[in-house]
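Have a look at the structure below before the remarks.
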Amino acid sequence: MTQQKPLELILARNLMSALSTPAFLVDEGGVLVFYNEAAGMLLGKRFEELGKVGADEWGSLFGPFDENGEPIPYDDLPLVVAVRNGRPAHADFEISSIDGARHRIEASAFPILTAHGSQGAIAVFWPAASSNGAGH
Amino acid sequence: MKVKLWGTRGSIPSPGPETIRYGGNTSCVGVTLSDGSMLALDAGTGIRSLGLALAAEPARLHILLTHLHLDHIQGLVFFAPAFRPQTEIVIWGPASPEASLRDRIARYISAPLSPVEVRELPCDVSFRHCPEAEWEIGPARIRAASVAHRGPTLGYRIDDGDSSLAYIPDHEPALGADLDALEEDWISGLGLARDASLLIHDGQYADNEYPDHIGWGHSSLSHAISFARRANAERTVLFHHDPMHSDERLDQLADEARERWAVAGGREGGIELAAERAEYELPARTASAAPAS
């Protein structure tokens, strides 16, 4: 029988699909289950081409890198903080698109909390307004 | 499993000469399980007639509420078994971070909206939040899942032996989504409806009415048909009729539904519009859900 995604994730994806703000969606296990067209333009690949990406893969697929060009530890990424700790998180860093281009962005992530606990997290991205390095 | 529709109308009771055949009572479906035990799905005004029709007073009744909009609970204080001390009634419904199910229902069953309070009901009534995991009532396995509507809203799936009923009366799965293109696990409610013997699903709006009601929590005819096709239900009954739709208008929509169902490759007799007092006896999944009357 089909295992339906939690409704909150379904509605989040539907909302993200309609936004021009780049946005990522991960499930409660940290699996990247969707990103929208705007994020796809930033990354150089549509989600439909890539498909869902495991929790231990997506962090390294696009970087991210700190102000010194060093990879940011997976555990420090805003989406990971949001989904693991159930807390909002914010950071600015560089990501690498599929073609190798670097983009400095700010990312804000927040958890999707339901009556049954955390179901995942959403992160939205903007071009960085400053270069303060990764942080929460 | 036997299913009888006691109220098929959405939003507000719509009695009158123009709604005689499809009915004017709001949502209520009676389900008789294979051991004879009784469930009521929603407690719209149709539950009043269900209560009056229960000849042999069951010792225990379960009422499964999809949500607490008035058209789904309005009949509760007119449900005769609730006024009999020998009856035990278990009311199931969606949890909310705001207040318990009992407290939220008590907002309706209290002054000034009601002449009685919950605590004054003579029956033994209890309130339970639907669990996330499947649970059992008699011989049936019950599953509830949140579905796309306004406010905390559930759809239900009831499996009894080899037959299954999916009940999703208020549902807008196409809100911001392309039902024909999405993967199955991303469609609200599809996990409940998949391969059901009988799917009772929202079909409130004609296609030309839907654009003025996007986000109201209900389906257009096209969306309901797409959902039913994706669900691969044996038989689909379109439910929660708009109060503005007369019998004549619903006849037109029924014709349109059948034509489009056929064009979409659906099996003949696989879709129809809900009519008050219609009964269905659900056999095993391999055969059709034949109407009992």
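Coordinate-derived values only; no laboratory data. Please read all numbers here as calculations on a predicted model, not as lab measurements. A quick note on method: Cβ atoms are made from the backbone with ideal geometry, for glycine too, and the neighbour counts reach across all protein chains shown.
Below, the figures for the structure above:
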{"item": "Full-stretch length increase - B:Asp178, B:Glu268 - with 0.36 nm per residue and alpha-carbon distance subtracted", "result": "29.9 nm"}
{"item": "For B:Ser188, B:Ser114, order by how many other beta-carbon atoms lie within 10 Å, fewest first", "result": "B:Ser114, B:Ser188"}
{"item": "Dimensionless Rg over Rh [the range B:2-281; C-alpha; Kirkwood]", "result": "0.95"}
{"item": "GNM flexibility winner over chain B from B:Ala145, B:Ala228, B:Ala262 (Cα, springs under 10 Å)", "result": "B:Ala262"}
{"item": "Beta bridge orientation in the protein assembly as shown: antiparallel %, DSSP, nearest 5", "result": "65 percent"}
{"item": "Spatially proximal lysines relative to B:Lys4 (Cα-Cα < 17 Å; intrachain offsets below 8 disregarded)", "result": "none"}
{"item": "Highest-fluctuation residue, B:Glu183, B:Glu259, B:Glu234 considered, GNM on chain B with Cα pairs under 10 Å", "result": "B:Glu183"}
{"item": "0 to 90° range, to nearest 10: angle between helix A:7-17 axis and chain A longest Cα axis", "result": "40 degrees"}
{"item": "Other protein chain Cβ atoms within 10 Å, averaged over every residue that makes up A:4-15", "result": "6"}
{"item": "Fluctuation leader among A:Leu77, A:Leu113, A:Leu32 - chain A, Gaussian network, Cα springs under 10 angstrom", "result": "A:Leu113"}
{"item": "More than 18 Å apart - percent of Cα-Cα pairs taken over the range B:188-289", "result": "44 percent"}
{"item": "Packing-based exposure ordering (other Cβ within 10 Å, fewest first) of B:Trp6, B:Trp261", "result": "B:Trp261, B:Trp6"}
{"item": "Percent of C-alpha pairs per 10 Å bin, the protein assembly as shown, short to long", "result": "5, 21, 27, 21, 14, 9, 3, 0"}
{"item": "Rounded, prolate or oblate (a/c below 1.5 giving rounded, otherwise prolate when a/b exceeds b/c) for the range B:34-90 by Cα gyration tensor", "result": "prolate"}
{"item": "Ratio of Rg to Rh over chain A (Cα coordinates, Kirkwood Rh, two decimals)", "result": "0.95"}
{"item": "The range B:2-281 - share of DSSP beta bridges that are antiparallel (%, nearest 5)", "result": "45 percent"}
{"item": "Shielding of B:183-189 by partner chains, average beta-carbon count, 10 Å", "result": "5"}
